[in-house]
Amino acid sequence: MRTRLHALVATVALGIGGTAVAQGSTMDEIAKYREMLADGNPAELLEMKGEALWKKPRGPRSASLEQCDMGLGPGKLEGAYAQLPRYFADTKKVMDAESRLVHCMMTLQGFSETEATKNWFSKPGQDSDIEALITYIGGQSNGAKINVPARHPEEARMAKVGEYIFYRRSGPQDFSCAICHGQEGKRIRLQDLGKLTSQAGAGAAMSTWPSYRVSQGAVWTMQRRLIDCMRQARWPEPSYLADSIIALEVFLQKTASGTVMQTPGIKR
Amino acid sequence: MADPMKIRASAKEGVTEVKVLMSHEMETGQRKDSSGNLVPAHFITEVTAEHNGKQVLAAQFGTAISKNPYLAFKFKGGAKGDKLAVSWVDSKGDKRSDEVLIG
């Protein structure tokens, strides 16, 4: 992975070498690099694998996930991801795509929570079923508009909590999400940070997840993205499916609402 | 067994364009795991493509090719509904073949 990462970085560097170092042209070059990658987005492999996993009888109950209700009714996947997180009456909780998927793996297939979430992200040589399933579920919303109005009181509460976390400075560096993602045109090294507080900024970000990260050689889910951003903020890392992450997702999806999903994405 | 490939093939004006995504770790044998041990090499060595049973591409692959390789190529001939098959063999002798109809 390391060596590959370097090879890729070298490719980007070559692409940029001849042009002016102005930020604008650098970003253009990165956009070109992305375009070149998009044609063969390896996330499509995971999407196919996720579809097979969705339909295959698995777990102690040897059941498939085809009856899983992701918010639009049992088995209705088209456009479901674009409307998550949402409040679910059966669990009395606001759930995102990942927590709902784990819920279905437990209730339909009989997995324990530990079993279901054991490999929630992949490592070299160790695949993650959740990554594959979420890539498939996300892809089923491709072309749909993000629609999280957060009208239910529980959803509205989570949106507020998410907004609070987004602006709250804490941790050893006194960081907030807003310090990195609250202004237009900012970047760290070559990465555009994105202003996640506007519809355009949040939309550009949220519509392209789950996303294949070339630097990691893997698809990252939104949970993984946000947990890693908390690490970047030097905050204690929350556990997988934590309410704090779901709250941030409600806040970001609400801000992004109206943007057309283009997933799986491909990122640095 | 290896995961399926994703193959797209489309014919236009007597030329068929093929795009293949292969699912493979492509370990170089030079990477170390988190405990510092070398991860053994494991990579695709050969890729072939057949149009209606006749070979149209044979390629040697090696460790300089990334994880989940993407290969695009064109060949003369091919029509909608013809069979296009792609196969690979890796350094451990694992194999995978997938087939699509040209669109």
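Of the heavy-atom accessible surface of chain B (probe 1.4 angstrom), what whole percent is carbon and sulfur? Summing carbon and sulfur atoms, their accessible area is 48 percent of the total for chain B. Taking all protein chains as shown and a probe of 1.4 angstrom, residue A:128 keeps an accessible surface of around 10 Å². Could you check the spin-label model distance between residue A:35 and residue A:239? Points 7 Å from the Cα along Cα→Cβ, value in nm. Simple spin-label model gives 4.6 nm for this pair. Expressed as a whole percentage, what fraction of the accessible surface of the stretch A:43-267 belongs to carbon and sulfur atoms when a 1.4 Å probe is rolled over the protein heavy atoms? Answer for the stretch A:43-267 is 49 percent, counting heavy atoms of protein chains only.
For the stretch B:12-58, run through the trypsin sites (Lys or Arg not before Pro) and keep only the ones in DSSP coil with at most 13 other Cβ atoms within 10 Å of their Cβ.
On the way: sites: B:12, B:19, B:31, B:32, B:54; in loops: B:31.
Within the stretch B:12-58, no trypsin sites (Lys or Arg not before Pro) qualify (loop, at most 13 other Cβ atoms within 10 Å).
Magnitude of the charge dipole for chain A, about its Cα centre and with charges confined to Cβ atoms of Lys, Arg (+1) and Asp, Glu (-1), is about 460 debye. Converting phi to 3J(HN,Hα) with the Karplus coefficients 6.51, -1.76 and 1.60 and the offset θ = phi - 60°, the stretch A:130-139 yields 4, 4, 5, 5, 5, 5, 5, 4, x, x Hz in sequence order, with x at every glycine or proline.
Buried between B and A is an accessible area of approximately 1500 Å², summed over both sides with a 1.4 Å probe. Each Cα pair under 8 Å and six or more residues apart adds its separation to the average, and for the stretch A:177-268 the resulting relative contact order is 36 percent. Over the stretch B:6-101, the reciprocal of the mean inverse Cα-Cα separation, the Kirkwood hydrodynamic radius, stands at 14.4 Å.
Need one number: % antiparallel among DSSP beta bridges in chain A, to the nearest 5.
If we restrict to bridges inside chain A, about 80 percent are antiparallel.
Ordered by solvent-accessible area of protein heavy atoms (1.4 Å probe), largest first, the residues A:214, B:18, A:260 come out as A:260, A:214, B:18.
With the biggest extent put first, the Cα atoms of the stretch A:29-151 measure 47, 40, 21 Å across the principal axes. Give the Debye-formula value of log10 I(q)/I(0) at each listed q (0.26 Å⁻¹), with one equal scatterer per alpha carbon of the stretch A:211-268, two decimals each. Log-scaled intensity ratios, in q order: -1.16.
For residue B:46, nonlocal amide neighbours, meaning residues 5 or more places apart or on other chains whose placed amide H falls under 5 Å from its own, are B:61, B:89.
If one puts a single equal scatterer on every Cα of the stretch A:147-248 and applies the Debye formula without solvent, what log₁₀ I(q)/I(0) results at q = 0.10, 0.21, 0.22 Å⁻¹? Those come out to -0.28, -1.37, -1.50, one per q.
The listed residues B:42, A:152 rank as A:152, B:42 when sorted by accessible area, largest first, using a 1.4 Å probe.
Contact-buried residues of the stretch A:35-57, at a threshold of 10 Å² lost accessible area versus the chain by itself: A:39, A:40, A:42, A:44, A:45, A:48, A:49 (1.4 Å probe; DNA, RNA and ligands ignored).
Note on B:32-40: average number of Cβ atoms from other chains within 10 Å of each residue's Cβ is 1. Which of A:173, A:140, A:183 ends up with the largest GNM mean-square fluctuation for chain A, with Cα atoms connected below 10 Å? Looking only at A:173, A:140, A:183, the biggest GNM fluctuation is shown by A:173. Computed 3J(HN,Hα) for the stretch A:201-206, one whole-Hz value per residue from the Karplus formula 6.51 cos²θ - 1.76 cosθ + 1.60 where θ = phi - 60°, is x, 5, x, 4, 6, 5, glycine and proline marked x. With the whole protein complex present, residue B:26 retains an accessible surface near 0 Å², based on a 1.4 Å probe. Taking every DSSP helix (H) stretch of at least 4 residues in the protein assembly as shown, weighting each as -39,500 (n - 2.57) and dividing the sum by the residue count yields a mean residue ellipticity at 222 nm of -10500 deg cm²/dmol. For residue B:57, nonlocal amide neighbours, meaning residues 5 or more places apart or on other chains whose placed amide H falls under 5 Å from its own, are B:49.
With a 1.4 Å probe and all protein chains left in place, how much accessible area per residue does the protein assembly as shown have, in Å²?
Details: 18510 Å² over 371 residues.
Result: 50 Å² per residue.
Take every pair of alpha-carbon atoms less than 8 Å apart whose residues are at least six positions apart; their mean separation over the length of chain A yields a relative contact order of 23 percent.
For the protein assembly as shown, the cysteines with no partner cysteine C-beta closer than 4.7 Å are A:177, A:180, A:229. Highest GNM mean-square fluctuation among A:184, A:47, A:163, for chain A modelled with Cα contacts below 10 Å: A:184. Distances between placed amide hydrogens fall under 5 Å for residue A:218 paired with A:213, all partners being 5 or more residues away or on another chain. Simple rule: put +1 on each Lys or Arg Cβ and -1 on each Asp or Glu Cβ in chain A, find the dipole, and look at A:219, A:53, A:171; the Cα lying farthest toward the positive end is A:171.
In order along the stretch A:88-100, the phi-based Karplus estimate (6.51 cos²θ - 1.76 cosθ + 1.60, θ = phi - 60°) of 3J(HN,Hα) comes to 10, 5, 5, 10, 6, 9, 7, 10, 9, 4, 6, 5, 5 Hz; Gly and Pro are listed as x. Cα convex hull, the protein assembly as shown: 167 Å³ per residue, rounded to a whole number.
The values are calculated or read from the model by the stated rules, or taken from the named source; none is laboratory data. All figures in this text were calculated on a predicted structure; none of them were measured in a lab. Note that we place each Cβ from the backbone using ideal geometry, even for glycine, and neighbour counts take in every protein chain shown. Side chains are part of the model used for accessible areas, which takes the heavy atoms of the whole protein and leaves out ligands, DNA and RNA. Shrake-Rupley method; radii C 1.70, N 1.55, O 1.52, S 1.80 Å.
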